[in-house]
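Quick notes on the structure that follows.
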Amino acid sequence: MAKAVKLADIAERVGVSIVSVSKALSGQKGVSEEMRIRIQAVADEMGYKQPGAYRREREEARRNRGYNLGVLVGDYYLGKYESFYSQMYQQFAARAGSKGNFCLLELVSREQETEIRVPMMITDKRVDGIVVIGKLSDDYLDMLKGSGIPLVGLDFYTNDDTMDSVISDSYFGGYRMTEYLIRNGHTRIAYVGTLGATTSINDRYMGYLKALNEHGIEPRADWIIEDRSTKDKILDAVEYVKLPEDMPTAFMCNSDQTAGLLINKLEEAGYRVPQDVSVAAYDNFLPPGICDVRITSYDVDMKEMAKRAVSMITHKIAGENYKQGTYVVGGHVVEKESVLPRE
């Protein structure tokens, strides 16, 4: 590689000071127009480039090369149904690929997570940065952060201020969906989702509480219904979803998949949705084959979340300025068939 031409090299050739060369090339006063033209001509002849030009060239080369982006997902999030997170990965990979990057997916088993085993993408030094889709344990995330590889979380956040994340607006979405039920005349509303299992389930529950509070509705402990264990986080309607003895008129579910499984249980118990009981949910993503009722839900903008995550991780790898912390992506209510007004 040719040696970069410095101001001192030009000054020596022309026979002037470095200060004069700097003023001439930067358009400052202090040198005659004749000398400015001469210095510029010598600089062009020697192949001098302004420092900003070198930075722009390096950035252009970086963009053309792209990065190897690792994606980690807990295998327990993928279940037997088509997963929300598999769709999230596809959106992320498509966005990353359109920007010239390559994605490498690696699943993390419960055993690997418990034993804090370093993923192969790190031990083999195959990635420039890592995006984790779905919350892994704090100890496992600490190991990833300790690797020194740039890291971004997608669809979760932590209490660690150094952990950058992109999330959907679970709190406001939970609020909006509960408010939607209340506007349709429902005041006896249960929440379905195991508190403590994920940050998103907790946040959607807090939005549910906010809506109840604003309308003077007292939450009931017997209307908080689990859908999974806090340990393995695997959704299991048979084991966990238990219909309360005193039935509400509506259920607010933490996900469409939970809502679909709940609807099956309701129908088995002789209830019709939405004629007898209304059901609302969050994420507007129902895997095929779960239930036949089209569920009113809060739509998650996966495409925008993927876009933001790609931007965040690539800027972080490049050492460029980016919006640090937690980036929240909004959504909107999608009305379908699972909610009827209560007279």
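Under the condition of being without any contact (Cβ under 8 Å) to a residue 60 or more places away in the chain and touching a Leu at 6+ places or on another chain (Cβ under 8 Å), which residue from region 231-247 is surrounded by the fewest Cβ atoms within 10 Å (Cβ to Cβ)?
Per the stated criteria, the residue is Leu243.
If you check Thr296 against the conditions, is it at negative phi, at pLDDT 95 or above and surrounded by 23 or more Cβ atoms within 10 Å (Cβ to Cβ)?
Spelling it out, Thr296 is indeed at negative phi, at pLDDT 95 or above and surrounded by 23 or more Cβ atoms within 10 Å (Cβ to Cβ).
Which one is nearest to Asp75 (Cα to Cα) among residues in region 96-127 that are more than 18 Å from the chain's Cα centre (by Cα) and touching a residue at least 40 places away in the same chain (Cβ under 8 Å)?
Arg110
Looking at this structure, is Thr187 part of a loop (DSSP other than H, G, I, E, B) and at pLDDT 95 or above?
yes
Within region 256-276, can one find any residue that is out of contact with any His (no Cβ under 6 Å at 6 or more places or on another chain), of a type outside the set (D, E, K, R), surrounded by 20 or more Cβ atoms within 10 Å (Cβ to Cβ) and closer than 12 Å to Thr194 by Cα?
Yes, that holds for at least one residue.
How many of the residues in region 159-173 are in contact (Cβ under 8 Å) with a residue 24 or more places away in the chain and either surrounded by fewer than 21 Cβ atoms within 10 Å (Cβ to Cβ) or outside any helix (DSSP H, G or I) (or both)?
Here the count works out to 9.
From the list Lys125, Lys135, which one is assigned to a loop (DSSP other than H, G, I, E, B) and surrounded by 20 or more Cβ atoms within 10 Å (Cβ to Cβ)?
Among Lys125, Lys135, only Lys135 is assigned to a loop (DSSP other than H, G, I, E, B) and surrounded by 20 or more Cβ atoms within 10 Å (Cβ to Cβ).
May I ask you to say which residue of Tyr322, Tyr298 is over 25 Å from Asp203 (Cα atoms) and under 17 Å from the mean Cα position of the chain (by Cα)?
Exactly one residue qualifies, and that residue is Tyr322.
Looking at region 106-117 only, could you name the residues that are surrounded by 15 or more Cβ atoms within 10 Å (Cβ to Cβ) and either part of a strand (DSSP E or B) or among the aliphatic types (A, V, I, L, M) (or both)?
Answer for region 106-117, where residues must be surrounded by 15 or more Cβ atoms within 10 Å (Cβ to Cβ) and either part of a strand (DSSP E or B) or among the aliphatic types (A, V, I, L, M) (or both): Glu106, Val108.
Considering each residue of region 315-343, count those that are assigned by TED's automatic domain parsing to the domain that holds Asp160 and in contact with a Leu (Cβ under 9 Å, 6 or more places away or on another chain), and give that number.
Number of matching residues: 2.
Anything in region 97-113 that is of a type outside the set (Phe, Trp, Tyr) and under 19 Å from Lys125 (Cβ atoms)? List them, or say none.
Asn101, Cys103, Leu104, Leu105, Glu106, Val108, Gln112
Is there a residue being within 30 Å of Asp142 (Cβ to Cβ) and modelled with pLDDT of 80 or more anywhere in region 49-66?
Yes.
Can you tell me how many residues in region 305-332 are closer than 15 Å to Asn284 by Cα and either touching a Phe, Trp or Tyr at 6+ places or on another chain (Cβ under 9 Å) or among the acidic types (Asp, Glu) (or both)?
Matching residues across region 305-332 total 4.
The values are calculated or read from the model by the stated rules, or taken from the named source; none is laboratory data. Here the structure is a predicted model, which means the values were calculated and not measured. No Cβ is skipped: glycine too gets one built from the backbone with ideal geometry, and neighbour counts run over all protein chains shown.
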